[in-house]
1. From the list VAL176, VAL195, pick out the single residue that is of a type in the set (Val, Ile, Thr) and within 19 Å of the chain's Cα centre (by Cα).
2. Check segment 102-120 and report whether any residue there is modelled with pLDDT of 85 or more and over 15 Å from VAL11 (Cα atoms).
3. Looking at THR91, THR72, which one is buried (at least 18 other Cβ atoms within 10 Å of the Cβ), of a type in the set (S, T, N, Q) and modelled with pLDDT of 85 or more?
4. Identify, by number, the condition in (1) of a type outside the set (A, V, I, L, M, F, W, C); (2) under 23 Å from ASP136 (Cα atoms); (3) buried (at least 23 other Cβ atoms within 10 Å of the Cβ) that TYR243 doesn't meet.
5. Could you tell me which residue of segment 327-375 is most open to solvent (accessible area, probe 1.4 Å), considering only residues that are outside any helix (DSSP H, G or I) and either aromatic (Phe, Trp, Tyr) or in contact with a helix residue (DSSP H, G or I) (Cβ under 7 Å, 6 or more places away or on another chain) (or both)?
6. Limited to segment 250-299, what total is found for residues that are assigned to a helix (DSSP H, G or I) and open to solvent by less than 30 Å² (accessible area, probe 1.4 Å)?
7. The conditions are (1) more than 38 Å from the chain's Cα centre (by Cα); (2) at pLDDT 70 or above; (3) open to solvent by 50 Å² or more (accessible area, probe 1.4 Å); (4) of a type outside the set (Ser, Thr, Tyr), and ALA33 fails exactly one of them. Which is it?
Amino acid sequence: VLHAHAKAGHVQQGIALFQTMECVSEQQHKALADYWNERNARATSLDDPQHDQNTYGDPPKITVQPTVRTYTTIMDAMARSRSTSYAQAATDLLHKLVDQSQQEEPQETQYSNDDSVVHVNEAMYNACINAWAKSDSGLHGAQRATQLLRDMLKTNVKPTVVTFNTVIHAWAKSGVMSAGKKAETILHSMRQCGVEPNERTYTTLMDCWSKCAAEIPGAAHRALELLTHMTKSTSLQPNCVAYSTVIDAFARSREPNKALMAVQILKRMRAISSSNPRATPSLVTYNSVLNACATSYHYRRNSNTTIKSDHKPNQSSDAKIVLEPDDPVVTMTIVKHLYQELASGELGMIPDHMTYGTVLKACAANHLNDEDFVAGVFNDACEAGRVTFGVCFELRKAANAHLYRSLLPEESLNASTGHFDLKKFPPSWTCNAPRSTRRYNSNNGRRMANIT
(Lines give C-alpha, C1' and ligand atoms only; values in the text may rest on other atoms or scores of the structure.)
Protein backbone atom coordinates (compact mmCIF):
# COMPACT_ATOMS: atom_id res chain seq x y z
CA VAL A 1 0.00 0.00 0.00
CA LEU A 2 2.87 2.35 0.84
CA HIS A 3 4.47 1.61 -2.51
CA ALA A 4 1.17 2.35 -4.26
CA HIS A 5 0.92 5.73 -2.53
CA ALA A 6 4.52 6.52 -3.52
CA LYS A 7 3.93 5.69 -7.18
CA ALA A 8 0.70 7.70 -7.24
CA GLY A 9 2.37 10.72 -5.66
CA HIS A 10 0.15 10.60 -2.57
CA VAL A 11 2.87 11.84 -0.23
CA GLN A 12 0.70 12.82 2.73
CA GLN A 13 -1.19 9.52 2.66
CA GLY A 14 2.10 7.66 2.42
CA ILE A 15 3.57 9.54 5.37
CA ALA A 16 0.44 8.90 7.43
CA LEU A 17 0.64 5.18 6.69
CA PHE A 18 4.36 5.14 7.50
CA GLN A 19 3.76 6.87 10.84
CA THR A 20 1.05 4.31 11.63
CA MET A 21 3.51 1.52 10.88
CA GLU A 22 6.09 3.05 13.22
CA CYS A 23 3.49 3.48 15.97
CA VAL A 24 2.21 -0.10 15.69
CA SER A 25 5.76 -1.47 15.55
CA GLU A 26 6.75 0.50 18.64
CA GLN A 27 3.71 -0.80 20.55
CA GLN A 28 4.45 -4.40 19.54
CA HIS A 29 8.10 -4.15 20.58
CA LYS A 30 7.06 -2.65 23.91
CA ALA A 31 4.54 -5.45 24.47
CA LEU A 32 7.21 -8.07 23.71
CA ALA A 33 9.72 -6.40 26.01
CA ASP A 34 7.12 -6.16 28.80
CA TYR A 35 6.29 -9.85 28.36
CA TRP A 36 9.89 -10.99 28.81
CA ASN A 37 10.62 -8.53 31.61
CA GLU A 38 7.63 -9.77 33.59
CA ARG A 39 8.44 -13.42 32.89
CA ASN A 40 12.08 -13.01 33.89
CA ALA A 41 11.10 -11.12 37.03
CA ARG A 42 8.68 -13.88 38.14
CA ALA A 43 11.17 -16.62 37.32
CA THR A 44 13.77 -14.90 39.46
CA SER A 45 11.39 -14.37 42.36
CA LEU A 46 10.37 -18.04 42.25
CA ASP A 47 13.99 -19.10 41.87
CA ASP A 48 12.81 -21.29 39.00
CA PRO A 49 14.33 -20.35 35.64
CA GLN A 50 12.56 -23.31 34.06
CA HIS A 51 9.15 -22.16 35.17
CA ASP A 52 6.46 -23.61 32.96
CA GLN A 53 5.99 -21.45 29.83
CA ASN A 54 2.32 -22.35 29.73
CA THR A 55 1.89 -20.14 32.76
CA TYR A 56 2.64 -17.11 30.64
CA GLY A 57 1.46 -18.20 27.21
CA ASP A 58 3.22 -17.49 23.95
CA PRO A 59 5.16 -14.22 23.63
CA PRO A 60 3.57 -11.47 21.54
CA LYS A 61 4.61 -11.50 17.89
CA ILE A 62 6.15 -8.66 15.91
CA THR A 63 3.94 -8.43 12.83
CA VAL A 64 4.72 -4.87 11.74
CA GLN A 65 8.33 -3.79 11.35
CA PRO A 66 9.55 -1.04 8.99
CA THR A 67 12.37 -2.44 6.87
CA VAL A 68 14.98 -1.00 4.54
CA ARG A 69 12.45 -1.15 1.73
CA THR A 70 9.89 0.69 3.84
CA TYR A 71 12.21 3.61 4.49
CA THR A 72 13.42 3.69 0.89
CA THR A 73 9.83 3.75 -0.37
CA ILE A 74 8.75 6.64 1.85
CA MET A 75 11.87 8.61 0.87
CA ASP A 76 11.08 7.95 -2.77
CA ALA A 77 7.54 9.24 -2.22
CA MET A 78 8.97 12.43 -0.72
CA ALA A 79 11.26 12.82 -3.74
CA ARG A 80 8.30 12.60 -6.12
CA SER A 81 6.63 15.55 -4.41
CA ARG A 82 9.27 17.96 -5.77
CA SER A 83 8.96 19.82 -2.47
CA THR A 84 11.88 21.32 -0.56
CA SER A 85 10.17 20.60 2.75
CA TYR A 86 9.74 16.92 1.89
CA ALA A 87 13.34 16.75 0.66
CA GLN A 88 14.37 18.04 4.07
CA ALA A 89 12.07 15.52 5.78
CA ALA A 90 13.63 12.66 3.80
CA THR A 91 17.12 13.89 4.76
CA ASP A 92 16.15 14.13 8.44
CA LEU A 93 14.85 10.56 8.32
CA LEU A 94 18.07 9.40 6.70
CA HIS A 95 20.21 11.09 9.37
CA LYS A 96 18.05 9.51 12.07
CA LEU A 97 18.68 6.05 10.60
CA VAL A 98 22.40 6.77 10.24
CA ASP A 99 22.61 7.77 13.91
CA GLN A 100 20.71 4.63 14.97
CA SER A 101 22.91 2.33 12.91
CA GLN A 102 26.10 3.91 14.29
CA GLN A 103 25.03 3.36 17.89
CA GLU A 104 26.46 0.38 19.76
CA GLU A 105 24.61 -2.75 18.77
CA PRO A 106 22.28 -3.94 21.54
CA GLN A 107 23.16 -7.21 23.19
CA GLU A 108 21.09 -10.17 22.09
CA THR A 109 18.11 -10.80 24.33
CA GLN A 110 15.18 -13.09 24.22
CA TYR A 111 13.00 -10.33 22.86
CA SER A 112 15.42 -8.58 20.51
CA ASN A 113 14.67 -8.46 16.82
CA ASP A 114 17.41 -8.44 14.18
CA ASP A 115 15.26 -6.23 11.95
CA SER A 116 14.86 -3.51 14.59
CA VAL A 117 18.11 -1.84 13.46
CA VAL A 118 17.85 -0.69 9.85
CA HIS A 119 21.22 -0.28 8.17
CA VAL A 120 21.39 2.57 5.70
CA ASN A 121 22.19 1.57 2.11
CA GLU A 122 22.85 3.32 -1.20
CA ALA A 123 19.16 3.22 -2.17
CA MET A 124 18.27 5.46 0.80
CA TYR A 125 21.01 7.94 -0.04
CA ASN A 126 19.95 7.91 -3.68
CA ALA A 127 16.34 8.61 -2.73
CA CYS A 128 17.33 11.61 -0.60
CA ILE A 129 19.69 12.97 -3.25
CA ASN A 130 16.93 12.55 -5.81
CA ALA A 131 14.55 14.44 -3.53
CA TRP A 132 16.88 17.45 -3.56
CA ALA A 133 17.50 17.15 -7.30
CA LYS A 134 13.73 17.26 -7.93
CA SER A 135 12.95 19.87 -5.32
CA ASP A 136 13.26 22.86 -7.67
CA SER A 137 15.26 24.64 -4.97
CA GLY A 138 18.02 25.65 -7.37
CA LEU A 139 21.49 26.11 -5.98
CA HIS A 140 20.43 25.04 -2.48
CA GLY A 141 19.14 21.71 -3.78
CA ALA A 142 22.36 21.06 -5.72
CA GLN A 143 24.46 21.90 -2.67
CA ARG A 144 22.43 19.58 -0.42
CA ALA A 145 22.66 16.76 -2.96
CA THR A 146 26.43 17.24 -3.15
CA GLN A 147 26.72 17.25 0.64
CA LEU A 148 24.81 13.97 0.87
CA LEU A 149 27.25 12.48 -1.63
CA ARG A 150 30.16 13.64 0.54
CA ASP A 151 28.51 12.14 3.62
CA MET A 152 28.05 8.92 1.70
CA LEU A 153 31.74 8.79 0.76
CA LYS A 154 32.67 9.04 4.45
CA THR A 155 30.70 5.88 5.27
CA ASN A 156 30.94 2.29 4.17
CA VAL A 157 28.08 2.84 1.73
CA LYS A 158 29.51 3.00 -1.77
CA PRO A 159 27.80 5.37 -4.22
CA THR A 160 26.65 3.98 -7.55
CA VAL A 161 26.49 5.49 -11.00
CA VAL A 162 22.90 6.46 -10.21
CA THR A 163 24.12 8.45 -7.20
CA PHE A 164 26.61 10.50 -9.20
CA ASN A 165 24.21 10.99 -12.11
CA THR A 166 21.54 12.35 -9.77
CA VAL A 167 23.95 14.86 -8.22
CA ILE A 168 25.00 16.03 -11.69
CA HIS A 169 21.31 16.35 -12.59
CA ALA A 170 20.81 18.52 -9.51
CA TRP A 171 23.51 20.88 -10.78
CA ALA A 172 21.92 20.90 -14.24
CA LYS A 173 18.73 22.18 -12.60
CA SER A 174 20.51 24.61 -10.28
CA GLY A 175 20.38 27.55 -12.67
CA VAL A 176 23.87 28.77 -11.72
CA MET A 177 26.57 29.59 -14.24
CA SER A 178 29.10 27.39 -12.44
CA ALA A 179 26.95 24.27 -12.95
CA GLY A 180 29.20 22.89 -15.69
CA LYS A 181 32.36 23.19 -13.62
CA LYS A 182 30.65 21.75 -10.54
CA ALA A 183 29.40 18.80 -12.57
CA GLU A 184 32.88 18.20 -13.98
CA THR A 185 34.12 17.97 -10.38
CA ILE A 186 31.49 15.32 -9.65
CA LEU A 187 32.63 13.39 -12.73
CA HIS A 188 36.22 13.51 -11.44
CA SER A 189 35.12 12.18 -8.03
CA MET A 190 33.15 9.48 -9.79
CA ARG A 191 36.24 8.21 -11.57
CA GLN A 192 38.29 8.37 -8.37
CA CYS A 193 35.73 6.10 -6.71
CA GLY A 194 36.09 3.56 -9.51
CA VAL A 195 32.56 4.14 -10.79
CA GLU A 196 32.38 4.06 -14.58
CA PRO A 197 30.34 6.90 -16.15
CA ASN A 198 27.56 5.78 -18.45
CA GLU A 199 25.60 7.45 -21.25
CA ARG A 200 23.29 9.23 -18.84
CA THR A 201 26.30 10.65 -17.00
CA TYR A 202 27.67 12.34 -20.10
CA THR A 203 24.26 13.45 -21.35
CA THR A 204 23.43 15.08 -18.00
CA LEU A 205 26.85 16.72 -17.91
CA MET A 206 26.25 18.09 -21.40
CA ASP A 207 22.93 19.44 -20.15
CA CYS A 208 24.81 21.33 -17.42
CA TRP A 209 26.98 23.03 -20.04
CA SER A 210 23.95 23.66 -22.26
CA LYS A 211 22.08 25.48 -19.50
CA CYS A 212 24.95 27.96 -19.00
CA ALA A 213 26.00 28.25 -22.67
CA ALA A 214 24.43 31.70 -23.02
CA GLU A 215 26.81 33.15 -20.43
CA ILE A 216 29.88 30.90 -20.44
CA PRO A 217 32.11 31.18 -23.54
CA GLY A 218 33.07 27.76 -24.85
CA ALA A 219 30.34 25.90 -22.96
CA ALA A 220 28.74 24.62 -26.18
CA HIS A 221 32.09 23.40 -27.47
CA ARG A 222 32.72 21.59 -24.17
CA ALA A 223 29.38 19.83 -24.62
CA LEU A 224 30.48 18.90 -28.14
CA GLU A 225 33.76 17.52 -26.77
CA LEU A 226 31.84 15.25 -24.40
CA LEU A 227 29.67 14.06 -27.28
CA THR A 228 32.76 13.35 -29.39
CA HIS A 229 34.24 11.36 -26.50
CA MET A 230 31.09 9.26 -26.40
CA THR A 231 31.17 8.58 -30.14
CA LYS A 232 34.79 7.40 -29.89
CA SER A 233 34.08 5.09 -26.95
CA THR A 234 33.33 1.43 -27.50
CA SER A 235 31.10 1.25 -24.43
CA LEU A 236 29.08 4.43 -24.95
CA GLN A 237 26.54 5.08 -27.67
CA PRO A 238 25.00 8.57 -27.62
CA ASN A 239 21.29 8.70 -28.31
CA CYS A 240 18.97 11.36 -29.65
CA VAL A 241 18.86 13.15 -26.30
CA ALA A 242 22.65 13.46 -26.20
CA TYR A 243 22.89 14.91 -29.70
CA SER A 244 19.89 17.19 -29.14
CA THR A 245 21.42 18.50 -25.93
CA VAL A 246 24.54 19.63 -27.77
CA ILE A 247 22.45 21.28 -30.48
CA ASP A 248 20.50 23.07 -27.75
CA ALA A 249 23.81 24.19 -26.22
CA PHE A 250 24.79 25.88 -29.48
CA ALA A 251 21.30 27.36 -29.87
CA ARG A 252 21.58 28.95 -26.42
CA SER A 253 25.19 30.05 -26.88
CA ARG A 254 26.84 33.16 -28.27
CA GLU A 255 29.07 31.11 -30.52
CA PRO A 256 29.56 32.39 -34.08
CA ASN A 257 28.02 30.42 -36.94
CA LYS A 258 26.11 28.27 -34.49
CA ALA A 259 23.39 27.52 -37.03
CA LEU A 260 25.92 25.74 -39.23
CA MET A 261 27.25 23.83 -36.21
CA ALA A 262 23.71 22.73 -35.32
CA VAL A 263 23.06 21.60 -38.89
CA GLN A 264 26.30 19.62 -38.97
CA ILE A 265 25.29 17.72 -35.82
CA LEU A 266 21.85 17.08 -37.31
CA LYS A 267 23.45 15.69 -40.47
CA ARG A 268 25.61 13.40 -38.34
CA MET A 269 22.54 12.10 -36.56
CA ARG A 270 20.81 11.37 -39.85
CA ALA A 271 23.88 9.61 -41.21
CA ILE A 272 24.20 7.20 -38.27
CA SER A 273 20.49 6.68 -37.53
CA SER A 274 20.39 3.53 -39.68
CA SER A 275 23.14 1.87 -37.63
CA ASN A 276 22.09 3.51 -34.36
CA PRO A 277 18.30 3.99 -34.32
CA ARG A 278 18.53 5.55 -30.85
CA ALA A 279 20.22 8.56 -32.48
CA THR A 280 17.34 9.25 -34.86
CA PRO A 281 16.47 12.98 -34.67
CA SER A 282 13.24 13.90 -32.91
CA LEU A 283 11.00 16.93 -33.22
CA VAL A 284 12.88 18.48 -30.29
CA THR A 285 16.08 18.09 -32.32
CA TYR A 286 14.64 19.92 -35.32
CA ASN A 287 13.16 22.66 -33.13
CA SER A 288 16.58 23.21 -31.54
CA VAL A 289 18.24 23.51 -34.95
CA LEU A 290 15.57 26.01 -35.99
CA ASN A 291 16.20 27.96 -32.79
CA ALA A 292 19.91 28.08 -33.59
CA CYS A 293 19.01 29.56 -36.97
CA ALA A 294 16.73 32.10 -35.31
CA THR A 295 19.52 33.37 -33.04
CA SER A 296 22.60 32.83 -35.18
CA TYR A 297 25.20 35.50 -35.80
CA HIS A 298 28.91 35.85 -36.53
CA TYR A 299 31.72 38.17 -35.45
CA ARG A 300 32.89 40.99 -37.67
CA ARG A 301 36.02 43.03 -37.06
CA ASN A 302 35.53 46.74 -37.45
CA SER A 303 37.80 49.42 -36.03
CA ASN A 304 34.92 51.89 -36.07
CA THR A 305 32.56 49.83 -33.92
CA THR A 306 32.40 49.05 -30.25
CA ILE A 307 32.48 45.66 -28.61
CA LYS A 308 28.96 44.34 -28.14
CA SER A 309 29.80 40.87 -26.90
CA ASP A 310 31.30 39.55 -23.70
CA HIS A 311 32.72 36.67 -25.69
CA LYS A 312 35.84 38.01 -27.42
CA PRO A 313 37.87 35.77 -29.71
CA ASN A 314 41.53 36.53 -30.40
CA GLN A 315 41.78 39.97 -31.92
CA SER A 316 44.29 42.70 -32.66
CA SER A 317 44.44 45.67 -30.34
CA ASP A 318 43.06 48.08 -32.93
CA ALA A 319 40.10 45.91 -33.94
CA LYS A 320 36.71 45.87 -32.30
CA ILE A 321 34.11 43.11 -32.35
CA VAL A 322 30.49 43.47 -33.36
CA LEU A 323 27.89 40.75 -33.58
CA GLU A 324 26.00 40.37 -36.82
CA PRO A 325 23.47 37.82 -38.00
CA ASP A 326 24.82 35.08 -40.22
CA ASP A 327 24.11 35.35 -43.92
CA PRO A 328 20.31 35.55 -43.85
CA VAL A 329 20.02 33.88 -47.24
CA VAL A 330 21.94 30.82 -46.07
CA THR A 331 20.17 30.73 -42.71
CA MET A 332 16.68 31.02 -44.17
CA THR A 333 17.49 28.42 -46.80
CA ILE A 334 18.17 26.03 -43.92
CA VAL A 335 14.99 27.09 -42.10
CA LYS A 336 12.76 26.71 -45.16
CA HIS A 337 14.24 23.32 -46.04
CA LEU A 338 13.79 21.92 -42.53
CA TYR A 339 10.28 23.34 -42.23
CA GLN A 340 9.27 21.87 -45.57
CA GLU A 341 10.51 18.45 -44.46
CA LEU A 342 8.56 18.68 -41.21
CA ALA A 343 5.37 20.10 -42.71
CA SER A 344 5.27 17.57 -45.55
CA GLY A 345 5.27 14.66 -43.11
CA GLU A 346 8.16 12.92 -44.84
CA LEU A 347 10.05 12.82 -41.53
CA GLY A 348 7.12 11.16 -39.78
CA MET A 349 6.73 14.07 -37.35
CA ILE A 350 4.00 16.62 -36.74
CA PRO A 351 5.16 20.21 -36.16
CA ASP A 352 4.11 21.61 -32.78
CA HIS A 353 3.58 25.15 -31.54
CA MET A 354 7.31 25.45 -30.86
CA THR A 355 8.07 24.62 -34.48
CA TYR A 356 5.74 27.27 -35.87
CA GLY A 357 6.84 29.91 -33.38
CA THR A 358 10.55 29.25 -33.94
CA VAL A 359 10.25 29.37 -37.73
CA LEU A 360 8.48 32.74 -37.47
CA LYS A 361 11.15 33.86 -35.01
CA ALA A 362 13.82 32.96 -37.58
CA CYS A 363 11.94 34.92 -40.25
CA ALA A 364 11.97 38.04 -38.07
CA ALA A 365 15.60 37.64 -36.99
CA ASN A 366 16.81 37.24 -40.57
CA HIS A 367 14.56 40.01 -41.91
CA LEU A 368 12.86 37.70 -44.37
CA ASN A 369 10.81 39.68 -46.85
CA ASP A 370 8.63 36.77 -47.94
CA GLU A 371 5.03 37.42 -46.99
CA ASP A 372 3.82 34.22 -48.62
CA PHE A 373 6.12 32.05 -46.49
CA VAL A 374 5.28 33.88 -43.26
CA ALA A 375 1.55 33.67 -43.98
CA GLY A 376 1.87 30.02 -44.95
CA VAL A 377 3.55 29.10 -41.67
CA PHE A 378 0.88 30.84 -39.61
CA ASN A 379 -1.95 29.34 -41.66
CA ASP A 380 -0.38 25.89 -41.14
CA ALA A 381 -0.42 26.55 -37.40
CA CYS A 382 -4.08 27.53 -37.57
CA GLU A 383 -5.00 24.44 -39.58
CA ALA A 384 -3.10 22.22 -37.13
CA GLY A 385 -4.83 23.85 -34.15
CA ARG A 386 -1.52 24.87 -32.61
CA VAL A 387 -1.79 28.64 -32.37
CA THR A 388 -0.51 29.99 -29.05
CA PHE A 389 0.35 33.38 -27.65
CA GLY A 390 3.99 32.71 -28.52
CA VAL A 391 3.15 31.93 -32.15
CA CYS A 392 1.23 35.20 -32.46
CA PHE A 393 4.01 37.08 -30.71
CA GLU A 394 6.56 35.84 -33.26
CA LEU A 395 4.11 36.49 -36.11
CA ARG A 396 3.87 40.13 -35.04
CA LYS A 397 7.66 40.48 -35.37
CA ALA A 398 7.90 38.58 -38.66
CA ALA A 399 5.00 40.26 -40.48
CA ASN A 400 4.32 43.86 -41.32
CA ALA A 401 1.26 45.53 -39.83
CA HIS A 402 -0.92 44.99 -42.88
CA LEU A 403 -0.13 41.27 -43.14
CA TYR A 404 -0.48 40.82 -39.39
CA ARG A 405 -3.97 42.36 -39.36
CA SER A 406 -5.05 40.36 -42.39
CA LEU A 407 -4.10 37.04 -40.77
CA LEU A 408 -5.84 37.51 -37.42
CA PRO A 409 -9.64 37.58 -37.00
CA GLU A 410 -10.90 41.15 -37.06
CA GLU A 411 -13.02 40.60 -33.94
CA SER A 412 -9.92 39.50 -31.99
CA LEU A 413 -8.06 42.78 -32.60
CA ASN A 414 -8.47 46.03 -30.73
CA ALA A 415 -8.98 48.64 -33.44
CA SER A 416 -7.19 51.40 -31.56
CA THR A 417 -4.26 49.51 -30.01
CA GLY A 418 -3.89 46.46 -32.23
CA HIS A 419 -3.75 44.13 -29.22
CA PHE A 420 -5.20 40.69 -29.84
CA ASP A 421 -7.38 38.47 -27.68
CA LEU A 422 -6.71 34.73 -27.94
CA LYS A 423 -10.14 34.00 -26.49
CA LYS A 424 -11.73 35.39 -29.64
CA PHE A 425 -9.77 33.14 -31.97
CA PRO A 426 -11.67 30.25 -33.57
CA PRO A 427 -11.45 27.22 -31.24
CA SER A 428 -10.08 25.14 -34.10
CA TRP A 429 -6.96 27.34 -34.13
CA THR A 430 -5.95 26.45 -30.56
CA CYS A 431 -7.55 23.03 -29.98
CA ASN A 432 -4.24 21.10 -30.19
CA ALA A 433 -2.05 23.63 -28.40
CA PRO A 434 -0.77 22.90 -24.87
CA ARG A 435 -3.37 24.20 -22.46
CA SER A 436 -0.91 26.37 -20.51
CA THR A 437 0.09 28.25 -23.69
CA ARG A 438 -3.46 29.01 -24.84
CA ARG A 439 -4.20 31.44 -22.05
CA TYR A 440 -4.22 35.08 -22.86
CA ASN A 441 -2.01 37.27 -20.68
CA SER A 442 -3.21 40.85 -20.93
CA ASN A 443 0.08 42.24 -19.63
CA ASN A 444 2.04 40.34 -22.26
CA GLY A 445 -0.42 41.49 -24.87
CA ARG A 446 0.16 45.11 -23.95
CA ARG A 447 3.93 44.62 -23.97
CA MET A 448 3.87 43.04 -27.41
CA ALA A 449 3.65 46.33 -29.36
CA ASN A 450 1.17 48.70 -30.86
CA ILE A 451 0.74 47.81 -34.51
CA THR A 452 -1.30 50.83 -35.49
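The values are calculated or read from the model by the stated rules, or taken from the named source; none is laboratory data. Computed from a prediction, not measured in an experiment: that's the story for all the values here. Cβ atoms come from the backbone with ideal geometry, glycine included; neighbour counts cover every protein chain shown. To get the accessible areas, we keep the full protein, side chains included, count just its heavy atoms, and leave off ligands, DNA and RNA. Shrake-Rupley method; radii C 1.70, N 1.55, O 1.52, S 1.80 Å.
1. Values: VAL195 fails: within 19 Å of the chain's Cα centre (by Cα).
Going through VAL176, VAL195 in turn, just one is of a type in the set (Val, Ile, Thr) and within 19 Å of the chain's Cα centre (by Cα): VAL176.
2. Yes: one or more hits.
3. On the way: THR72 fails: modelled with pLDDT of 85 or more.
Being buried (at least 18 other Cβ atoms within 10 Å of the Cβ), of a type in the set (S, T, N, Q) and modelled with pLDDT of 85 or more holds for just one of THR91, THR72, which is THR91.
4. Among (1) of a type outside the set (A, V, I, L, M, F, W, C); (2) under 23 Å from ASP136 (Cα atoms); (3) buried (at least 23 other Cβ atoms within 10 Å of the Cβ), the lone unmet condition for TYR243 is (2).
5. First, pick out the residues of segment 327-375 that are outside any helix (DSSP H, G or I): 327, 345-352, 366-370.
Applying the additional criterion that residues be either aromatic (Phe, Trp, Tyr) or in contact with a helix residue (DSSP H, G or I) (Cβ under 7 Å, 6 or more places away or on another chain) (or both) yields 347, 349, 351-352, 366-368.
Details: LEU347: 52, MET349: 37, PRO351: 10, ASP352: 35, ASN366: 12, HIS367: 148, LEU368: 37 Å².
Once the filter is applied, the top-ranked residue is HIS367.
6. We begin by selecting, within segment 250-299, every residue assigned to a helix (DSSP H, G or I); these are 250-252, 258-272, 277-279, 283-294.
Okay, now just the ones that are also open to solvent by less than 30 Å² (accessible area, probe 1.4 Å), so 250-251, 258-259, 262-263, 265-266, 269, 279, 285-290, 292-294.
Residues in segment 250-299 being assigned to a helix (DSSP H, G or I) and open to solvent by less than 30 Å² (accessible area, probe 1.4 Å): 19 in total.
7. (3)
Conditions tested, residue by residue: (1) surrounded by fewer than 16 Cβ atoms within 10 Å (Cβ to Cβ); (2) at pLDDT below 90.
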| residue | (1), (2) |
| --- | --- |
| CYS382 | no, no |
| VAL387 | no, no |
| ALA399 | no, no |
| ALA415 | yes, yes |
| PHE420 | no, yes |
| LYS424 | yes, no |
| THR452 | yes, yes |
